[in-house]
Each structure stands twice: as C-alpha cells, then as structure tokens.
Amino acid sequence: MNTAVSEIGMHLRATRALAVIGTPGRPPELAAEFCASSVKPAPGAQVVLLLAQMEKAEPDELGGLVVEPSSGSVLKEMGLATAMA
C-alpha cells in the first residue's frame, strides 16, 4: 500500500496523499501516507481527525468528497487547503 500511495502522490504532484483501510467511524486499521519532500508526515491523531471530517462531508454527484478548511479544521494544522476523497 505504501508503494501505491507514493506512486499516486508523485503522479498527481500532490503535497500529501493518504490511503486508509478500515470501518467508517473507527480509527483506520491500516494507513499509508505520501508526503512531498517539503512536508513532514502527519501524526496518527491528525489522520484520524481528517478521516472524521471526510466522513461528515456530503458526496458530490460522482460520489467524491471535498473538505475545505473551516475554523478548528485539521486541514489548517496539516497545511492543506483542500482534501478530496
């Protein structure tokens, strides 16, 4: 999973890419993260908070989820402007 996330993150030229496996509403059973060279990996607690925000997002017409920072958002702590799933 680490290889897949790294390849996808590099291909998309993303700052950060995450892949998680687990049951919705619970912490992930397995997680992998790609970070651009200028970014430090996120602590596990931040990943769990990001997943909680993603689970609350309303899917668009194609089923995609987009989360933008609001006050108290974990996105700001992670240095992200947007998260997509």
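The values are calculated or read from the model by the stated rules, or taken from the named source; none is laboratory data. What you see is a predicted model, and the numbers here were worked out from it, not measured in a lab. Reconstructed Cβ throughout: ideal geometry from the backbone, glycine too, with neighbour counts over all protein chains shown. These area figures cover heavy atoms from the full protein model, side chains too; ligands, DNA and RNA do not enter into them. Shrake-Rupley method; radii C 1.70, N 1.55, O 1.52, S 1.80 Å.
Residues in the range 59-85 that are within 12 Å of the chain's Cα centre (by Cα), small (Gly, Ala, Ser) and surrounded by 11 or more Cβ atoms within 10 Å (Cβ to Cβ): GLY79, ALA83, ALA85.
When the range 11-22 is limited to residues that are among the aliphatic types (A, V, I, L, M) and either out of contact with any Phe, Trp or Tyr (no Cβ under 9 Å at 6 or more places or on another chain) or under 18 Å from ALA81 (Cα atoms) (or both), the one that is most open to solvent (accessible area, probe 1.4 Å) turns out to be LEU12.
Please go through the range 23-58 and give me each residue that is among the small types (Gly, Ala, Ser), over 23 Å from THR3 (Cβ atoms), open to solvent by 60 Å² or more (accessible area, probe 1.4 Å) and without any contact (Cβ under 8 Å) to a residue 24 or more places away in the chain, ordered by number. If you could, list the steps in order and put the result at the bottom.
Initial filter on the range 23-58 (among the small types (Gly, Ala, Ser)): 25, 31-32, 36-38, 42, 44-45, 52, 57.
When the remaining residues are screened for being over 23 Å from THR3 (Cβ atoms), the result is 25, 45, 52, 57.
Next, from what is left, pick out any that are open to solvent by 60 Å² or more (accessible area, probe 1.4 Å): 25, 45.
The one that is among the small types (Gly, Ala, Ser), over 23 Å from THR3 (Cβ atoms), open to solvent by 60 Å² or more (accessible area, probe 1.4 Å) and without any contact (Cβ under 8 Å) to a residue 24 or more places away in the chain: ALA45.
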